[in-house]
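Right, one structure below, let's go through it.
The values are calculated or read from the model by the stated rules, or taken from the named source; none is laboratory data. Remember, it's a predicted structure, so these values are computed and weren't measured experimentally. When we count neighbours, we look across all protein chains shown, and the Cβ atoms used for this are built from the backbone with ideal geometry, even at glycine. These accessible areas exclude ligands, DNA and RNA; they are computed on the full protein's heavy atoms, side chains included. Shrake-Rupley method; radii C 1.70, N 1.55, O 1.52, S 1.80 Å.
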Amino acid sequence: MTDAKTENRAFWENEELKLDQLVYDASWPGGEKAVERLAKQGKQPVRQLIEKLIDPGTEFFELSRIAGFGMFYPDVDDVPCGGMVTGLGKIYGNWTMILANDSRVKAGTYFPITLKKHMRAQAIAERCGLNCVYIADSGGAYLPMQADVFPDDQHFGSMFYNMARMSSKGLKQITLSTGGNTAGGAYIVFMACQSIMIDKMSYSFLGGPPLVKAATGEVISAEDLGGARIHTQISGGADHFCTNQDEAIAKVRDILSLEAPQKLHIHRYAESPSQVPVESIYQTFPAKIHQGMRVRDFLEAIADDSYFIEYKKTYSPGRGDNIVAGKIRLKGIPVGVIASNGLGIIFAEAARKATEWIVRCSQEKVPLLFIQSSPGYMVGSESEHMGIGKYGADMVRSVSCAQVPRIQLVVGPDNGAANYGMCGRAYRPHFLFHTMRARTSVMSGRSAAEVLLSIEERKRASAGNPMSEGEKQAFRQQMVDKYDGEAHPFYCGARLLSDRVLKFREIRDWLAMAFEVSLLQPIGEPAFGNLRF
Ligand code: COA
């Protein structure tokens, strides 16, 4: 192995150790003491429940694990894992979205990031046609931030709006209450298609005992107001009575045992492994984010048989091949690829090729994978006069209108309009994954520093107080730190700008899963509106 390859591997393995640490912190909030407290309440840590819920021996694909770190809300800096666990698992062979409050994080209450995570999981479920299981254990809205979590669209009420709409489309909404569900939160039990409560553990009421006392003077225990017996024997608000969590999990599985099997809306070929091991990715990607990379080597490491059928391979070398297009199979699923290559700067030729390929894959109803490592479209008079604006716009239009499932994987710089053309968050890819090499921001730190410095210099000069060299350097560094910090996968992942930060060795498995789930719904007909050409 060359020195550069050894260095790359060491660098990325070390970066992924930092990710492991963050995921550990997200998975064990409150440490051993919190687990002991749960045990005293007869409760298991939430991932343990999920493991029992999904089919034995299958994997739980957990989303957005690093959500909520460094949010600096009133009195609360971090909300580990966003306060809830979401992800995809199979129940009786069918992909199911699982949403589970983690009561170890401020009693499972909803912060703005918790809501965003809940909404994102429901959105994936609705789009892909998945049943949902809610493991509900929440103190409801995080009250110091009620104005940020209660009244708006995509706030608390939207959880129930989504449940109602999904259930009307035939997507089962099953709630297992395993703790408190107070006030608005009670609807997670009552809105479910079927709900399960556990004796002396689950509670559901529109007003808890303290509120009832204040409002009416009635003194009543939580159990007698809205415990499992009350709702399964008297009010009828819940459907199944269980005596412990294991029994309740088994009940959820029973309820979903006779669902029709899901089917894929594409022909799936026999799966075969890649010839080039997925581990080689650690060598392929340069440790320096802005150094060019050979994306064909990466494709060989993730594709079945390492086989990439390239489109327009010989077109405009040095300009057209800053985007590589073609098809691969991922565990038997045919996938169209649009991938940044080299330095990833998008020239007009590359934008035209990408647009053509998006249109062709849409015609063929083949899903699309965008591998993003681009700092932007080419600037300058030559490029502008050639029509980079209109070709970039065509790319953005085709990305927006393509009716096939689209997934974005970020493996490098992700700046400016290239974020749009390569199917960034605003273009609603079915799934969006980062890696530790992803850097998503409007500009790189260096570029942003120069732009902002020129503005500051002008301001200071016109005020008769020009900047000294030292001040300029300090200003520059401050901006580089800010922009590079905000572009980092941890900062973006905390805010749910990605669905997960994937380790390089997870990429093949995760993409195959994500395309499979995205193809559970029929693919519509292509329509692109007014392209310019
Ligand atoms: N808003 C803000 N913080 C809340 C909260 C809420 N709705 N509910 C609980 N918390 C906080 C507690 O203050 C406590 O914080 P601390 O660890 O810094 O002391 C932490 O979450 C854990 O709560 P605790 O009451 O110790 O947990 P528990 O397991 O004994 O009880 C509940 C859980 C949900 C039954 C109980 O916290 C409760 O009744 N909360 C209020 C629920 C409510 O009325 N919500 C209405 C909003 S829609």
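A simple packing score, the average count of other Cβ atoms within 10 Å per residue, orders the peptides 395-408, 143-156 as 395-408, 143-156, with the highest score first.
Rounded to the nearest 5, the antiparallel percentage of DSSP beta bridges internal to the chain is 40%. The mean sequence distance of close C-alpha pairs (under 8 Å, at least 6 residues apart), as a share of the length of the chain, puts its relative contact order at 12 percent.
Modelled label positions at Glu51 and His265, each set 7 Å beyond Cα in the direction of Cβ, lie 3.6 nm from each other.
Using a cut-off of 12 Å between beta-carbons, work out the net charge of the residues near Ala354 (Lys and Arg +1, Asp and Glu -1, Ala354 not included).
Details: positive: Lys312, Arg352, Lys353, Arg360, Arg397; negative: Asp321, Glu349, Glu356, Asp394.
With Lys, Arg at +1 and Asp, Glu at -1, the net is +1.
By the scheme Lys and Arg +1, Asp and Glu -1, what is the net charge of all other residues having a beta-carbon under 12 Å from that of Lys52? Can you show the working numbers first?
Values: positive: Arg47, Lys251, Arg253; negative: Glu51, Asp55, Asp246, Glu247.
For residues surrounding Lys52, the net value is -1.
Considering only Phe298, Gln477, Pro526, the residue lying farthest towards the positive end of the dipole of the chain is Pro526, judged by Cα position with unit charges set on Cβ. Oblate is the label for region 432-533, because the ratio a/c of its alpha-carbon gyration tensor axes (a ≥ b ≥ c) is 1.5 or higher and a/b is not greater than b/c.
For a straight C-alpha distance cut-off of 22 angstrom, the lysines reachable from Lys472 (same-chain residues fewer than eight places away being disregarded) are Lys459, Lys482. Per residue, region 51-193 exposes 34 Å² of accessible surface when a 1.4 Å probe is rolled over the protein heavy atoms with every protein chain present. Quick one: which of Lys116/Lys263; Lys353/Lys390; Lys169/Lys263 span more than 21 angstrom between C-alpha atoms? Too far apart for the 21 Å limit: Lys116/Lys263. Can you bin region 144-238 into rounded, prolate or oblate? Criterion: square roots of the alpha carbon gyration tensor eigenvalues sorted a ≥ b ≥ c, rounded for a/c under 1.5, prolate for a/b above b/c, oblate for the rest. Since a/c reaches 1.5 but b/c is at least a/b, the shape of region 144-238 is classed as oblate.
Contact order for region 170-251, expressed relative to its length and based on alpha carbon pairs under 8 Å spaced 6+ residues apart, stands at 31 percent.
Full extension of the chain between Thr314 and Asp481 gives 56.1 nm of extra length, using 0.36 nm per residue less the Cα-Cα distance.
Note on Ala4 and Ala426: their simple-model spin labels are 3.5 nm apart, each label 7 Å out from Cα toward Cβ.
As a calculated quantity, the FRET efficiency between Thr243 and Gln275 at R0 = 45 Å, using C-beta atoms, amounts to about 0.25. Close amide H partners of Tyr203, meaning residues 5 or more places away or on another chain with modelled amide H under 5 Å apart, are Gly179, Gly180, Asn181. Legend: calculated FRET efficiency, Glu450 to Lys288, from the Cβ-Cβ distance at R0 = 22 Å, rounded to 0.05, equals 0.70. Straight-line cross-link reach from Lys33 at under 18 Å between alpha-carbon atoms covers these lysines, not counting any fewer than eight positions away in the same chain: Lys43, Lys106. Modelled this way, with points 7 Å down the Cα-to-C-beta line, the labels at Lys18 and Tyr161 are 3.8 nm from one another. Helix 31-40 axis versus longest C-alpha principal axis of the chain: approximately 30°, rounded to the nearest ten.
Using a simple charge model, +1 on the beta-carbon of Lys and Arg, -1 on the beta-carbon of Asp and Glu, nothing else, what dipole does the chain show about its Cα centre, in debye to the nearest 20?
Values: 60 positive and 59 negative charges, 205 e Å.
Roughly 980 debye, rounded to the nearest 20.
Between the helical axis of 156-168 and the longest alpha-carbon principal axis of the chain there is an angle of about 90 degrees.
Taking a ≥ b ≥ c as the square roots of the eigenvalues of the Cα gyration tensor, region 466-518 is prolate, since a/c reaches 1.5 or more and a/b is larger than b/c. Calculated mean residue ellipticity, 222 nm, the chain: -12000 deg cm²/dmol, from DSSP H runs (n ≥ 4) at -39500 (n - 2.57) each, averaged per residue and rounded to 500.
Compared with the dominant Cα axis of the chain, that is its longest principal axis, helix 469-487 is turned about 50°.
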